[in-house]
Amino acid sequence: MSEPEKTENTGLYLRLLGLAAVVAFAVMAGLWLGHWSVPEENPTFPRNAGEPAAVAQQGAAAQAVAPEDPSAPPLYFHARMDSMEDWNTVSQEAALAAEAGINRVIVPVTLAWTAGEPGEDVLAKLKRFVEVNPRAAFLLQVDMNPSAAWIEAHPSEAMVVDGAAQPLPSPASQQWLEDGRTALNTLLESVEGSEVSRRIMGYVICGLMEDRWLMPAAGDRSEVFRQGFRDWLMRRYPSEEALAEAWGRPGMKAGEVTLPEHPGAPDTGRVFVRLPEEQPLADLLRCVSEITGDALAAFVSHTAGTSVISPLLLAPYGHSLEPSPNMAGHFALGNLLESDLDGVLSPVSYTDRGLGGAGGYMGPVHSLLLRGKTWVVLDDTRTGMARDPETGAFTRMRGLRAEDIFDVQRRNFAAALVHGLGLAWSDPLAEGWLLDKEQWRVFAKMREIYTDHRPPPMTDPAAAAEGAGPGLVVVVDEASRFYQLCDTPLNTLLLAGGRDAALRAGLSVQFALLQDVLEGNIGPAPVWLFLNAFSLDGTARRQLRARFAQEQSCAVWLYAPGYFNGEASVENISDITGMRVRAFDGPAQGGSVFGLSGQYLPQDAPFGAAAQWNPLFYIEDEDADLLASYQASGRGSVAVKTMPEGWTSVFIAEPGVTPALLAEILRILEEPLYAPPGDANYFDALYAGGGLLSVHAGQAGKRAVSLGEYCDVQDLFDPAIGWVQKESFILPLRTGETRLFSVKPMARQAI
């Protein structure tokens, strides 16, 4: 990127899309595409189910076949089974997976929690898979939620939500952790000392709500959690006196700690906690995530230390880019980055995941990749395949085009491939979603593509040689969530909306935690997009400014960067943005108009969330170039300013950013975009990096694709399509169509 000069009135256009329509579409798409199903208590295959004769006769021959090579593409088949009837469906899907060369299987298993429970015969279940696919290798998805019998025997260790005991453990329960370790020992001894041991790749450690380590929005109000909160506070504060002072309760003893009341779901009229009087609530929000993360880490560490196979250890955690409540418990991934956890598993984002959608990641994938860890995307797309009640045959629902389903799956595959992530195709309810031969032929082609075009890992020096550096790094901060009262409305705009805007802006994007930016682990990058950096102390602000000056890069700030430093102050925002920023007196109306005429947004185009926000900020700086202003007040809402040290600051005071706005800013900064402006701007979902480029069309039409240099281009889904020595090309697409290209610059080929 060229060093940005002072911006003239020729280019910056901001358009924040209407949020209501986006949220409505996202909800409908999420319902269609499914979710990680909540496990049942009944064992998958009870010990008294018996071994079919065919399995017993063929077992020895199947076991003699070697499992898949560990170096094969990280592509998996996943299905949940709760009965032998489910197995009848899943076994057919597993056979289709084997034909497609997908030999890695994620198998949900339950543990035996009490002496009187028969438990699940995990070994028998795995042998059944081996009979279907002699090359099968397994990730065991371990449900750490205890049985109903355990909850009945330990009622004080269960969650309490809204006054009612839940069939789930409190994450603060030491009894649960102790008994869970014992149950894990039994599982590991059973499978790792058996004839299937060489087929065990590792474990996916699951627990709490939806088996995804989620906590209820209302919080756990059990006594065991109150005690856990008390103990956590004594670790966080140096003394009882320091705790009492922070909470404004002189003389308070640790034993007098109570769980602060959460005010429910405040709307945009009160976004943040008030410090210091609401410090107890901020502490509680942080504690929920850290205690949840600690429980997960305890099980992961125990498994790593007990297993004899050096297992791959994954967990569905760290989904910080989702608009979930801040009480969800998922915001301590940063504490686990140096732990025994080898990676994260997550569904495709439940926001904007349907046909034409962005299909974004749930969390900061590159914070794991840069450490040599992994991220596995769970593709639980609803395919429309279902059993005909009259014939018993599996067919696709009327009105659904198979090609549309395949294009969504191609987009999800491209999102994984471009950054070297894993991908698991899932039938989460064993309802035959994947019982379609044509679909598995598509997956077989994907496996072939992954084998031939797997990018080098971020830790490999060859990654830089492949030109894998991002044009934009999107930065999310876990700790800033602990200062919010308003969660889902704001998180939908800033986190999910900001992530999806980046994926639609037309360039290569990476996603990382703020701590990795501060520690210098990620980057360099020409542009940084800070979604929710609400909490930045003086040291952090100095570190960021020094880094931007050294790299001569640009920082794009959203809403309230650095607002908290002990207490909240608008002066902190002025300090980090380098602009004179003011706060409206009380609630103020959001919603802006763009002030210039540009190539992605017309002049006077409205954008922003037209709601009452408190706080809401505006820009009042004669040295900054104003790009947009609030419709209601005329105050500045978006501005750009070049700092004396050579870096550029862009402040978007509106709580959100759209693809059009972000694309305009990037154009002004002279950052090359794959999607140049034209008569029609499509803002397609785009994944790029490692010599790969994927486009998923938001709507039908012809769009230009600009490569920035002469390249050989090959369509990987259709080998008949390609271009030689092209700097740009025209790409006609139908709505929802996905294309994936190999892009080889001519200059690099000549070296």
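The values are calculated or read from the model by the stated rules, or taken from the named source; none is laboratory data. What you see is a predicted model; the values in this text were computed from it and never measured. All Cβ positions, even for glycine, are placed from backbone atoms using ideal geometry, and neighbour counts span all protein chains on display.
Quick one: would you say ASP575 is outside any loop (DSSP other than H, G, I, E, B), modelled with pLDDT of 95 or more and of a type in the set (D, E, K, R)? Considered against the rule, which asks whether it is outside any loop (DSSP other than H, G, I, E, B), modelled with pLDDT of 95 or more and of a type in the set (D, E, K, R), ASP575 comes out as yes.
Checked against (1) in a loop (DSSP other than H, G, I, E, B); (2) at pLDDT 95 or above, ASP404 meets all criteria but (1). Would it be correct to say that VAL105 is surrounded by 20 or more Cβ atoms within 10 Å (Cβ to Cβ) and either assigned by TED's automatic domain parsing to the domain that holds LEU378 or without any contact (Cβ under 8 Å) to a residue 12 or more places away in the chain (or both)? Judged against the criteria, VAL105 is a match. The listed residues are ALA165, ALA172, and the only one of them that is assigned by TED's automatic domain parsing to the domain that holds LEU111, surrounded by fewer than 18 Cβ atoms within 10 Å (Cβ to Cβ) and modelled with pLDDT of 95 or more turns out to be ALA165. Among residues of the range 709-720 being touching a Leu at 6+ places or on another chain (Cβ under 9 Å) and in a strand (DSSP E or B), the one that is surrounded by the fewest Cβ atoms within 10 Å (Cβ to Cβ) is ASP715. In the range 309-327, the residues that are charged (D, E, K, R) reach residues that are in a loop (DSSP other than H, G, I, E, B) with C-beta atoms within less than 9 angstrom, at least six apart or across chains, in these pairs: GLU322/ALA328; GLU322/HIS330; GLU322/SER349; GLU322/TYR350; GLU322/THR351; GLU322/MET362; GLU322/GLY363. For the range 168-190, filtering for residues that are under 14 Å from ASN145 (Cβ atoms) and charged (D, E, K, R) leaves 1. Counting the residues of the range 564-620 that are closer than 18 Å to THR658 by Cα and of a type outside the set (A, V, I, L, M) gives 15.
For the criterion of being modelled with pLDDT of 95 or more, surrounded by fewer than 24 Cβ atoms within 10 Å (Cβ to Cβ) and more than 27 Å from PRO615 (Cα to Cα), LEU507 passes.
Can you find even one residue in the range 124-135 that is in contact (Cβ under 8 Å) with a residue 60 or more places away in the chain, among the acidic types (Asp, Glu) and farther than 24 Å from TYR450 by Cα?
The answer is yes, given that some residue of the range 124-135 is in contact (Cβ under 8 Å) with a residue 60 or more places away in the chain, among the acidic types (Asp, Glu) and farther than 24 Å from TYR450 by Cα.
On the stretch given as the range 331-340, residues that are under 18 Å from ALA533 (Cβ atoms), in a loop (DSSP other than H, G, I, E, B) and of a type outside the set (A, V, I, L, M) total 1. So for the range 678-695 (the condition being closer than 30 Å to LEU544 by Cβ, in a loop (DSSP other than H, G, I, E, B) and touching a strand residue (DSSP E or B) at 6+ places or on another chain (Cβ under 9 Å)), does at least one residue qualify? No.
Against the test of being over 20 Å from TYR618 (Cβ atoms), in the same structural domain as ASP500 (by TED's automatic domain parsing) and not small (Gly, Ala, Ser), the options LEU558, LEU518 yield a single qualifying residue, LEU518. Residues in the range 457-477 that are modelled with pLDDT of 85 or more and either of a type in the set (D, E, K, R) or assigned to a strand (DSSP E or B) (or both): LEU472, VAL473, VAL474, VAL475, VAL476, ASP477. Taken together, the residues in the range 525-572 that are of a type in the set (Gly, Ala, Ser), part of a helix (DSSP H, G or I) and farther than 20 Å from GLY646 by Cα amount to 1. Just one residue in the set ASN521, ASN532 is closer than 25 Å to ALA611 by Cα and within 22 Å of the chain's Cα centre (by Cα); that residue is ASN532. May I ask you to list the residues in the range 295-306 that are in contact (Cβ under 8 Å) with a residue 40 or more places away in the chain and within 28 Å of the chain's Cα centre (by Cα)? ALA295, LEU296, ALA297, ALA298, PHE299, VAL300, HIS302, THR303, listed by residue number.
Residue under question is ALA100, and the condition is that it be more than 28 Å from the chain's Cα centre (by Cα), among the small types (Gly, Ala, Ser), at negative phi and surrounded by fewer than 23 Cβ atoms within 10 Å (Cβ to Cβ); does it hold? When the stated conditions are applied, ALA100 does not pass them. Here TRP440, TRP433 are screened, and the one residue that is at pLDDT 95 or above, within 26 Å of the chain's Cα centre (by Cα) and not in a helix (DSSP H, G or I) is TRP433. Contact map, the range 186-205: residues that are of a type outside the set (A, V, I, L, M, F, W, C) and surrounded by fewer than 16 Cβ atoms within 10 Å (Cβ to Cβ) paired with residues that are part of a helix (DSSP H, G or I) and at pLDDT below 95, Cβ distance under 6 Å, separation 6+ or inter-chain. Pairs shown: GLU195/GLN63.
Of the residues making up the range 514-567, those that are loosely packed, with under 15 Cβ neighbours inside 10 Å and hydroxyl-bearing (Ser, Thr, Tyr) number 1.
Of the conditions (1) in a loop (DSSP other than H, G, I, E, B); (2) crowded, with 19+ Cβ neighbours inside 10 Å, ARG371 clears all except one; give me its number. Failing condition for ARG371: (2).
For (1) of a type in the set (S, T, N, Q); (2) touching a residue at least 40 places away in the same chain (Cβ under 8 Å); (3) under 21 Å from PRO470 (Cα atoms), each residue gets a yes or a no:
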residue	(1), (2), (3)
ALA525	no, yes, yes
ASN532	yes, yes, yes
PHE548	no, yes, yes
SER553	yes, yes, yes
GLY566	no, yes, no
ILE573	no, yes, no
ILE576	no, yes, no
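Among the conditions (1) touching a residue at least 24 places away in the same chain (Cβ under 8 Å); (2) in contact with a helix residue (DSSP H, G or I) (Cβ under 9 Å, 6 or more places away or on another chain); (3) on the phi < 0 side of the Ramachandran plot, the only one that LEU243 does not satisfy is (1).
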